[in-house]
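S.K.: Take this structure first; my questions come after.
The values are calculated or read from the model by the stated rules, or taken from the named source; none is laboratory data. If you're wondering where the values come from, they're calculated on a predicted model, not measured in any experiment. All Cβ positions, glycine included, derive from the backbone under ideal geometry; neighbour counts span all protein chains shown.
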Amino acid sequence: MQSVLEGYKVVDFSRIFAGPDAAQTLGDLGADVIKVEDPASGDGCRSLGVTDPALFGYSPAFQSFNRNKRSLTLDLTNPEAREIAARLIAEADVVINNFRPGTMERFGLDYEAMSGHNPGLVYCNFQAFGDRGPLAHLGANDLQLQAHSGLMSITGERGGAPVRAGSAIVDLHASMALVAAIMTALLHRSKTGRGQLVSTSLLQSSAHLMNYLYQEYWETGYVHTAMGTANHLSVPNQAFPSSNGWVIIIAPPLTSVQTLERAAPSKLRIKQAGIPVASYRQQPVVRQGQWRGQGLPYATISRRITIARAVTDATPASQRPTNQASRRISDSPLPGPSCRETPNKHSRYRLGSAAPAPGFPPAQTADFRQAQRPQRSSGPAAPSSDKN
């Protein structure tokens, strides 16, 4: 079966998490992705979190965001390298970069310069604070935008210090927004024949993660604070300690305060005073209980609630049968000198580097100049005017 983006070429100038993750997703969907790195240092993600010398230059984070890609190094301060990059862009369907605003313009590789040679080009700018405004010139990372957006103020225990979400959620959320924008622009091109300039930012990603909290503030003036694992949208909806570990108890809104108590052999008593605390008997599954919430009538917990064992670390989570069955979590490849293929049904290329990655000997290469661009049917001719 043909992959949805088979025959499309993506040139990925981005680094670290969000941009590379977006390009990787396009590769998963069948696109031919060419990753461009700086020859002096490579993608900074190559060394993130690495202390084992065997993984220098090929960190687990780098592996996670760079499958399904071919790669080469180009020093874009060199005119000859910029000429090569321009040839790549001229043949591309999609270009992704996350340089600060103005950088690609200085290189002569921006959308205005390149779309004249490639009218169907979908060109993606990704920045920390967007391409305009008083903070546009600044770089930032996931943590900074978790703080800037207010996300850290609602994460952690009540009354405690601000807490960072354990994963790079702003980065990864932004990458999916970028994929959605690219796919929409490609759909637009299939109807009009014209490419587009698309952009998003960590700022927009973090605001979207907070959107319903912002909306409540705009309407009521209420400012939410950290609630631990609790959730202001429904009660109970959080983690509780038990005699043999932690459990998650979730009730649909209103159900927990409207359903009459049903008889069952084991009982649960939960009180909310500041941070809720639960006490359990020895039975591992709780089927009946009572809840006294702040501002809620004394009520019972329905059997419709969801009770699930909480996972305390990533290792058992990655090995759960549900994750294994999805065929999306699998063993990582052995460390190597460049982007390498991982087990994925969409992979079509043995990945290599037209120039060796920094600190590594030459690898099995796939020179972009010798790569055959897959043919595809062209879209309709460009109209005389574009309303979008």
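S.K.: Considering A161, A165, which residue is without any contact (Cβ under 8 Å) to a residue 60 or more places away in the chain, assigned by TED's automatic domain parsing to the domain that holds G130, under 19 Å from the mean Cα position of the chain (by Cα) and surrounded by fewer than 20 Cβ atoms within 10 Å (Cβ to Cβ)?
M.R.: One residue alone meets the criteria, A165.
S.K.: Go through region 9-33 and give me each residue that's farther than 24 Å from A128 by Cβ and surrounded by fewer than 23 Cβ atoms within 10 Å (Cβ to Cβ).
M.R.: Within region 9-33, K9, D28, L29, G30 meet the criteria.
S.K.: Does at least one position in region 186-199 carry a residue that is without any contact (Cβ under 8 Å) to a residue 24 or more places away in the chain, under 30 Å from P119 (Cβ atoms) and part of a helix (DSSP H, G or I)?
M.R.: Scanning region 186-199 turns up at least one residue that is without any contact (Cβ under 8 Å) to a residue 24 or more places away in the chain, under 30 Å from P119 (Cβ atoms) and part of a helix (DSSP H, G or I).
S.K.: Yes or no: region 71-81 includes at least one residue that is farther than 20 Å from E105 by Cα and buried (at least 20 other Cβ atoms within 10 Å of the Cβ).
M.R.: yes
S.K.: Filter region 46-57 for residues that are in contact with a Ser or Thr (Cβ under 8 Å, 6 or more places away or on another chain) and in contact (Cβ under 8 Å) with a residue 40 or more places away in the chain; which is surrounded by the fewest Cβ atoms within 10 Å (Cβ to Cβ)?
M.R.: F56
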